[in-house]
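The values are calculated or read from the model by the stated rules, or taken from the named source; none is laboratory data. Keep in mind that what you see is a predicted model, and the values were worked out from it rather than measured. Cβ atoms come from the backbone with ideal geometry, glycine included; neighbour counts cover every protein chain shown.
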Amino acid sequence: MKLREKTLHRPADLVSAGLAPPQKIAELERIAARYAVAITPELAGLVDPRDSDDPIARQFVPDRAELDFGEGERIDPIGDDAHAPVPGLVHRYPDRVLLKIVDVCAAYCRFCFRRESVGKGSGVLGREALAAAFAYIRAHPGIWEVILTGGDPLVLSARRLGALVAQLAAIEHVKVLRVHTRVPIAAPQRVTPALVRALKSGGKTVYVAVHVNHPRELNAAARRACARFVDAGIPLLGQTVLLRGVNDDAGVLGELMRALVECRIKPYYLHHLDRAPGTAHWRTSIARGQALTRALRGRYSGLCQPTYVLDIPGGHGKSSIGPQYLSGDEQSGYAIEDFRGGRHAYP
Ligand code: SF4
C-alpha cells in the first residue's frame, strides 16, 4: 500500500498545494486530528483553483463544518456493528455479506459514512479476523455474494487481492464477488492488468461498483482505468452520493449519469447521504432528491437512471425512496404519471 507517496495528508501539504489558504491551517489541524485526510495527486490535479466552490475540492479538502455534529447523526450511521457476527464482516441481508477487508482508502471523502473508522486502524483486516470471516462465510450456505469493501479494497496489491479471491473462490456457494471502490477515480494508475487479473483469477463472477459523484471525476485517466475492468469482462456499476453543492443539480447529475454510461458503468445507486457525524452541510432534503431523480427520468435515457436509496439508520438496510409515479388501487383504478408529468388513468 504505497499510497502515502505524493498523496497530501498534512494540512501544511494542502496549503502548499494551494488547496487551502494558510490562515485555515489551525482549523485544518483540528479536523485532521479527528478524521483522516488524504488527497491523491490525481484528485488534486482535478481541482480548479479559480473556483472557490470547486466540486472536487469540496469533497476532499476538510471544512470546519465537519466538527459540528448535526441532529440524528451517528457514529455508525448504517448500523454495521449491529450485524457484525465476527469483526470485519457484516451480514445484514440474507444472501450477501460485506467483508471490510481494509480500513484505509486512497483518498478520504469528507462525507464518508464510515469516517469514524476509516483511516484510523492498522490497514488490512488481521489474520485471525480474516480466518473467522472465512469460517463464517463457509458455514452459511445462503451467502451467495461477498462484497469486498472497507475502506477501499483496491488499495491492496494485486498479490494480496489474488490471495483473497482464491480463498473466496474455494467456497462453492459463493457465486458473486463485488468490489466497492473509489480507486479508479482517486488513483487510476493502481488499476493495472495484474490487479484486474487478480480479481478474475478465482473464476467467480466479479462486479466492481465505482463511487463517482461529479462528471469531472471521469477524466481520461479514470476512463482508461474503468475500461480495463470492462474490457476484461468485469461489469461496472456506478454509485453516487447526493451532495449539496456538488451534484444536487439536474444538469450536473444528468451529465454524470451520461458520463458513467458512456464509460460502460451502469448507474446503480444514488445514495441519500447517511447521517455520519459532521456531514449536515452536505445533506439535501429527500424532496430535493426526489425532484432530481424525477428530472433524470424526464430528460435522460433509461440507462442513466440510478435507484435513489436511503440506508435506514440502525442497520435496517436500504430502501428505495424515489418518486412514485403510480397512485390508486385495484378497486378504484390507478393513475400513472408519464415522464413529462402528465397523468393518465390505467384501468
Ligand atoms: S472511498 Fe468510501 S470508504 Fe473511503 S472515504 Fe470515500 S466514502 Fe469513505
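If you filter the range 3-44 down to residues that are of a type in the set (Lys, Arg) and not in a loop (DSSP other than H, G, I, E, B), you find that the one that is farthest from PHE111 (Cα to Cα) is LYS24. Look at (1) touching a Phe, Trp or Tyr at 6+ places or on another chain (Cβ under 9 Å); (2) without any contact (Cβ under 8 Å) to a residue 60 or more places away in the chain and you find that TYR35 fails only one, number (2).
Going residue by residue through the range 282-301, is there one that turns out to be hydroxyl-bearing (Ser, Thr, Tyr) and closer than 24 Å to ILE75 by Cβ? Yes, the range 282-301 contains at least one residue that is hydroxyl-bearing (Ser, Thr, Tyr) and closer than 24 Å to ILE75 by Cβ.
The number of residues in the range 247-258 that are part of a helix (DSSP H, G or I) and within 17 Å of the chain's Cα centre (by Cα) comes to 3.
With respect to the conditions (1) away from the ligand (no atom under 13 Å from the Cβ); (2) crowded, with 16+ Cβ neighbours inside 10 Å, GLN23 lacks only one, and its number is (2). On the given criteria, is VAL261 of a type in the set (A, V, I, L, M, F, W, C), within 18 Å of the chain's Cα centre (by Cα) and within 16 Å of the ligand (Cβ to nearest atom)? Answer is no for this residue. May I ask you to list the residues in the range 144-186 that are under 13 Å from the mean Cα position of the chain (by Cα) and small (Gly, Ala, Ser)? Listed by number, the residues that qualify are GLY150, GLY151, ALA186.
Table: residues versus (1) in contact with a strand residue (DSSP E or B) (Cβ under 7 Å, 6 or more places away or on another chain); (2) crowded, with 18+ Cβ neighbours inside 10 Å; (3) more than 29 Å from GLY79 (Cβ to Cβ).
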| position | (1), (2), (3) |
| --- | --- |
| ARG264 | yes, no, yes |
| HIS271 | yes, yes, no |
| TYR308 | yes, yes, no |
| SER327 | yes, no, yes |
| GLU330 | no, no, yes |
| GLY341 | no, no, yes |
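Just one of the listed residues (ARG275, ARG294) is modelled with pLDDT of 95 or more and in a loop (DSSP other than H, G, I, E, B), namely ARG275. Listed by first and then second residue, the pairs linking a residue in the range 298-310 that is modelled with pLDDT under 95 to a residue that is among the charged types (D, E, K, R), with Cβ atoms under 8 Å apart and 6 or more places separating them unless they lie on different chains, are GLY298/ARG340. Residues in the range 78-105 that are among the small types (Gly, Ala, Ser) and touching a strand residue (DSSP E or B) at 6+ places or on another chain (Cβ under 6 Å): ALA84, GLY88. In the range 322-340 there is no residue that is assigned to a helix (DSSP H, G or I) and either of a type outside the set (A, V, I, L, M, F, W, C) or in contact (Cβ under 8 Å) with a residue 12 or more places away in the chain (or both).
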